[in-house]
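In what follows, a structure is listed as structure tokens, so that the remarks can point back to it.
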């Protein structure tokens, strides 16, 4: 790379940082203005905050719209009209299109109250059945009591919404699904992903998320089928999302031998990466082929870059629990962290492995702290670390005599007691202690 290329990259990075700063500070002033307007009814101070947000980021449509509302409420009609003209320069369709953007932005930041307000205003200006659906789903997101039959009926009716509004609806459903997914309300997340995948067959991301949600719910057959559909959409074997989902689904379901050829295809195409060797070692370990697993571990160690860093290191460490002592596993994790250019706190996946080592060495209180830390920081994903953290937390609570707490966790996540539990205890036998 030339010096000129480097300078361009630095400029791009600085521009990106500046944009992040703008968005952060502008959002702060918008939030302050909203709070002061609604809680203190202090319109002059609220107006000041909205104006500051616009001074920082002139393209912040939420600030423009809130400023228009506050000026109108304050009886400053001329200034409100000028604010409307300014909003039109940002988005000519600011009254409806802008409100859609505000609602979507609010969802991305989990601000359901603001999203609900934007949807209500859209519905007031231009009634549309799609927005009634949005508001209904917001009731679910805001944890209002809604009967299962009611929300299933709403989702069943969604494909009847005209195609011409799908481009408007899809971004919202992607965000609805993400909100439910991160909140671990998996049945609702799956309904959203099913809607997206069925109405947009080429939506690879929705398909993979649908498969991942099915796997987390313990529906292994569906997860395998969906993973293979995803691979058919993107047949490049280097695209590991669908392949990784298929491999994990087969292994969780106990079909480890069936997953082996797929893993070998990854190794054949990317022999320079340790990822495939980590997967193959784990697969052999689950099949009880310990000597072959050690050979693959050794190959992964030679390539010790761990292309996904702590993630693949944690995969390897979890699969090493039968042969390596907890001290050796912990040393491996610490050595990896010390070698990083900028040493950081252990990642959530590493925290899970730390918890496992504490559990195996008879420190259930330390294990509990590690598992809780991992669960508190890690977004739910299609990998096995979140179910592993929860199973480890149950084991650590039982070891401390807190069986009621462990049982409460089991009741909240019953789908982790079948395929997932067998799969994880196959990797870490300590997870199969009495009562777990």
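The values are calculated or read from the model by the stated rules, or taken from the named source; none is laboratory data. Just so it is clear, the model here is predicted, and its values are computed rather than measured. Cβ coordinates were reconstructed from backbone atoms using ideal geometry, including for glycine residues, and neighbour counts include every protein chain displayed.
Some points to look at:
- When restricted to residues that are at pLDDT 85 or above and surrounded by fewer than 24 Cβ atoms within 10 Å (Cβ to Cβ), the stretch 365-384 contains 7.
- Of all positions in the stretch 189-197, none carries a residue that is under 16 Å from residue 420 (Cα atoms) and part of a helix (DSSP H, G or I).
- Flag for residue 104 being within 34 Å of the chain's Cα centre (by Cα) and over 15 Å from residue 30 (Cα atoms): yes
- Within the stretch 60-93, the set of residues being part of a loop (DSSP other than H, G, I, E, B) and within 18 Å of residue 36 (Cβ to Cβ) comprises 60, 74, 75, 76.
- Some residue of the stretch 416-435 being modelled with pLDDT under 90, on the phi > 0 side of the Ramachandran plot and in contact with a helix residue (DSSP H, G or I) (Cβ under 6 Å, 6 or more places away or on another chain): yes
- Subset of the stretch 373-417 (residues that are in a loop (DSSP other than H, G, I, E, B) and farther than 25 Å from residue 177 by Cα): 400, 401, 402
- Lone qualifier among 202, 212, 221, 276 - being surrounded by 15 or more Cβ atoms within 10 Å (Cβ to Cβ) and in contact (Cβ under 8 Å) with a residue 24 or more places away in the chain: 212
- Of all residues in the stretch 48-69, those that are farther than 21 Å from residue 103 by Cβ have Cβ atoms under 6 Å from Cβ atoms of residues that are surrounded by fewer than 18 Cβ atoms within 10 Å (Cβ to Cβ), 6 or more apart or on another chain, in 56/22; 56/25.
- Residue 362 falls short on exactly one of the conditions (1) at positive phi; (2) modelled with pLDDT under 80, and that condition is (2).
- Filtering 266, 243 for residues that are in a helix (DSSP H, G or I), under 22 Å from residue 420 (Cα atoms) and either free of Cβ contacts under 8 Å to residues at least 60 places away in the same chain or in the same structural domain as residue 416 (by TED's automatic domain parsing) (or both) leaves a single hit, 243.
- All of (1) without any contact (Cβ under 8 Å) to a residue 12 or more places away in the chain; (2) within 32 Å of the chain's Cα centre (by Cα) hold for residue 123 with one exception: (1).
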